[in-house]
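Student: Dropping the structure in here first, questions after.
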C-alpha cells in the first residue's frame, strides 16, 4: 500500500492559513487516537492531546466540543481514509487476489501505527454509546464497501469483518505491533465460499 496521510506521524509545515487549520485538526485527531491507544480512552485528557498535537487549548475547542467529539471525529476521519484506500486497492487488484491485497493493506496500515490500531479496534469499545454506534457504522461500511465481494448477504459480510477484527484485537492484546503474520490465515478465512 503506498504511503498515504492515513497514519502519518508528522505533518509537513503548512503553506497557507487554511492549510494550517487542516494540519492542526489532523494533528489533534492523530494525537487523540495515539494517546487513546497508549493510555486508554478514560485516561486520556484534552491537556495530553493538545500537548502532543502542539496546539493551544483554544485551538482544540475551535475544532471540537469535548474529548469525545475529538475521538469520534478521529475515528471517523482515519477509518474513512482507510476504507477509501482499501476500496482503491480492491479495484486495482486482480479478482482472485483482491481479498489478499486488501487484507495485506489493512494489516500494514494497522502495523504502521499500533497505537491507532489499539484505539480503534480495542479502546473504541470503552468510549461510550456514541463510539459503539460509530464502530457499528464503520464495520457496516467495511462490510459493504471493502468486502462486498465475499458474500451477497450483508450479515455474513459483517460477521467476516467482526472475525477479522477479533483476530487483530487478540494480537493487539497479546502485545503484537506487526500484524502481517496474520495475513495467510485471515486470507483463507475471508476467502471461504460464504453464501
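The values are calculated or read from the model by the stated rules, or taken from the named source; none is laboratory data. All values reported here derive from a predicted model rather than from experimental measurement. Please note: Cβ atoms are built from the backbone with ideal geometry, for glycine as well, and neighbour counts cover all protein chains shown.
Student: Do you know which of the residues in the stretch 93-123 that are free of Cβ contacts under 8 Å to residues at least 60 places away in the same chain and part of a helix (DSSP H, G or I) is nearest to residue 43 (Cα to Cα)?
Tutor: 121
Student: Another question, if that's okay. Which residue is nearest to residue 90 (Cα to Cα), if the candidates are limited to the stretch 178-195 and must be touching a residue at least 60 places away in the same chain (Cβ under 8 Å) and not in a helix (DSSP H, G or I)? Walk me through how you get there before you give the answer.
Tutor: Taking the stretch 178-195 first, the residues touching a residue at least 60 places away in the same chain (Cβ under 8 Å) are 178-180, 182-183, 186-187, 190-191.
Then drop every residue that is not not in a helix (DSSP H, G or I), which leaves 178-179, 191.
Values: 178: 22, 179: 19, 191: 14 Å.
Checking each candidate, the answer is 191.
Student: Would you point out which residue out of 176, 169, 134 is modelled with pLDDT of 95 or more, surrounded by fewer than 20 Cβ atoms within 10 Å (Cβ to Cβ), within 13 Å of the chain's Cα centre (by Cα) and under 26 Å from residue 29 (Cβ atoms)? Talk me through it step by step, then tell me what you get.
Tutor: On the way: 176 fails: within 13 Å of the chain's Cα centre (by Cα); 134 fails: surrounded by fewer than 20 Cβ atoms within 10 Å (Cβ to Cβ).
Result of the check over 176, 169, 134: 169.
Student: Take the residues in the stretch 5-29 that are within 16 Å of residue 75 (Cβ to Cβ) and either at pLDDT 95 or above or more than 18 Å from the chain's Cα centre (by Cα) (or both), then tell me which one is surrounded by the fewest Cβ atoms within 10 Å (Cβ to Cβ).
Tutor: Here the answer is 29.
Student: Take the residues of the stretch 143-164 that are surrounded by 19 or more Cβ atoms within 10 Å (Cβ to Cβ) and assigned to a helix (DSSP H, G or I): which is modelled with the lowest pLDDT?
Tutor: Looking at residues that are surrounded by 19 or more Cβ atoms within 10 Å (Cβ to Cβ) and assigned to a helix (DSSP H, G or I), I get 146.
Student: Continuing with the same structure: What single numbered condition from (1) in a helix (DSSP H, G or I); (2) at pLDDT below 95 fails to hold for residue 61?
Tutor: It is condition (2) that residue 61 fails.
Student: Sticking with this structure for a sec: With the checklist (1) under 21 Å from residue 108 (Cβ atoms); (2) in contact (Cβ under 8 Å) with a residue 40 or more places away in the chain in hand, flag the one item residue 139 doesn't pass.
Tutor: (2)
Student: Scanning for something within 12 Å of the chain's Cα centre (by Cα) and either within 20 Å of residue 159 (Cα to Cα) or at pLDDT 95 or above (or both), does the stretch 86-94 turn up at least one residue?
Tutor: Yes, the stretch 86-94 contains at least one residue that is within 12 Å of the chain's Cα centre (by Cα) and either within 20 Å of residue 159 (Cα to Cα) or at pLDDT 95 or above (or both).
Student: Being farther than 24 Å from residue 71 by Cα and crowded, with 20+ Cβ neighbours inside 10 Å is the filter here, so list the residues in the stretch 179-189 that pass it.
Tutor: Quick first cut of the stretch 179-189, residues farther than 24 Å from residue 71 by Cα only: 180-189.
Selection gives 182, 186.
Student: Those residues that are within 14 Å of residue 124 (Cβ to Cβ) and part of a loop (DSSP other than H, G, I, E, B), I need them from the stretch 20-57; list them, please.
Tutor: Answer for the stretch 20-57, where residues must be within 14 Å of residue 124 (Cβ to Cβ) and part of a loop (DSSP other than H, G, I, E, B): 40, 41, 42, 44.
Student: Looking only at the stretch 55-92, which residues are in contact with a helix residue (DSSP H, G or I) (Cβ under 6 Å, 6 or more places away or on another chain), closer than 18 Å to residue 119 by Cβ and free of Cβ contacts under 8 Å to residues at least 24 places away in the same chain?
Tutor: none
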